[in-house]
Structures are given as structure tokens and as C-alpha cells.
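The values are calculated or read from the model by the stated rules, or taken from the named source; none is laboratory data. Computed from a prediction, not measured in an experiment: that's the story for all the values here. Every residue, glycine as well, gets a Cβ built from its backbone with ideal geometry; the counts of neighbours run over all protein chains shown. The protein model used for the area step is the full one, side chains on, heavy atoms only, and it has no ligands, DNA or RNA in it. Shrake-Rupley method; radii C 1.70, N 1.55, O 1.52, S 1.80 Å.
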Amino acid sequence: QVQLVESGGGLVQPGGSLRLSCAASGRSFSFYAMGWYRQAPGKQRELVAIISSGGNINYATSVNGRFTISRDNAKSTVDLQMNSLKPEDTAVYYCNLKTPMGDYWGQGTQVTVSS
């Protein structure tokens, strides 16, 4: 059974930084793409960043240059460093694992950017 557990969310002022971490367990993690999605109130869930098993990375236009995704296959973790945060980054952030059998999701962690 795959489990993804996120941590690191919280309240931060505009311009501040947060680092989200996702720990995966239950299956081999290194062969699959991992990503971060977010969902703001009243909006659809959207891709924030994704990193392939080989390290190829894609970012949403809205976060490019401010967020950095990274993975550590030895530790089965994927992190999201978020800098220069804006109020519009406020959302629940979800860790995602993409496998041929389907997607797995974490429970989500709240990020609130407010003064």
C-alpha cells in the first residue's frame, strides 16, 4: 500500500519562504514521476511542479523561478522549496506519485500566504 505523507505547510507572510516535504512508502519510488499539485478554495486542483524519475522538471508558469522541486530517491522523498510567496499561492498542496497503475495522493498540507 502506497503512502504519501506531506509536511511543512503553514502560515507565511508575502515574500516569505516555505519548504514542503513528501515522504513515500510502500513501493519502489525511484522509477516514477513525482509532483506537487495545489487546490485553492473554489478552484480546480492544478499542477505546481513535477519531476521525472530521470530528473526532468516542469513547473507551472505561475511558480517558475520561485519554486524548486527536488527528489531524493535514497530517502524516498520529494521536496518543494517555495520562495517569494504570494497570497495567490494560498492553497492545499498535495504530493503526487504517478505510476502505470494510476496516481497516488497525499492527504494535503495547507499553505497560507497572508500578512
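A few remarks follow.
- Only one entry in 53, 76 is of a type outside the set (D, E, K, R), touching a strand residue (DSSP E or B) at 6+ places or on another chain (Cβ under 6 Å) and under 18 Å from residue 103 (Cα atoms), namely 76.
- Qualifying residues in the stretch 34-50 (those that are farther than 16 Å from residue 95 by Cβ and in contact with a strand residue (DSSP E or B) (Cβ under 9 Å, 6 or more places away or on another chain)) - the one modelled with the lowest pLDDT: 41
- Test result for residue 85, of a type in the set (A, V, I, L, M), touching a residue at least 40 places away in the same chain (Cβ under 8 Å), surrounded by 14 or more Cβ atoms within 10 Å (Cβ to Cβ) and not in a loop (DSSP other than H, G, I, E, B): no
- Scanning the stretch 5-33 for residues that are open to solvent by 30 Å² or more (accessible area, probe 1.4 Å), within 24 Å of residue 90 (Cα to Cα) and not in a strand (DSSP E or B) gives 8, 9, 13, 14, 15, 17.
- Residue within the stretch 96-104 that is of a type in the set (S, T, N, Q), assigned to a strand (DSSP E or B) and surrounded by 19 or more Cβ atoms within 10 Å (Cβ to Cβ) present: yes
- Residue within the stretch 61-69 that is without any contact (Cβ under 8 Å) to a residue 60 or more places away in the chain, within 18 Å of residue 94 (Cβ to Cβ), open to solvent by less than 30 Å² (accessible area, probe 1.4 Å) and within 11 Å of the chain's Cα centre (by Cα) present: yes
- Members of the stretch 10-27 that are among the hydrophobic types (A, V, I, L, M, F, W, C), under 14 Å from the mean Cα position of the chain (by Cα) and closer than 12 Å to residue 85 by Cα: 18
- Filter result (surrounded by 15 or more Cβ atoms within 10 Å (Cβ to Cβ) and part of a loop (DSSP other than H, G, I, E, B)) within the stretch 70-82: 73, 76
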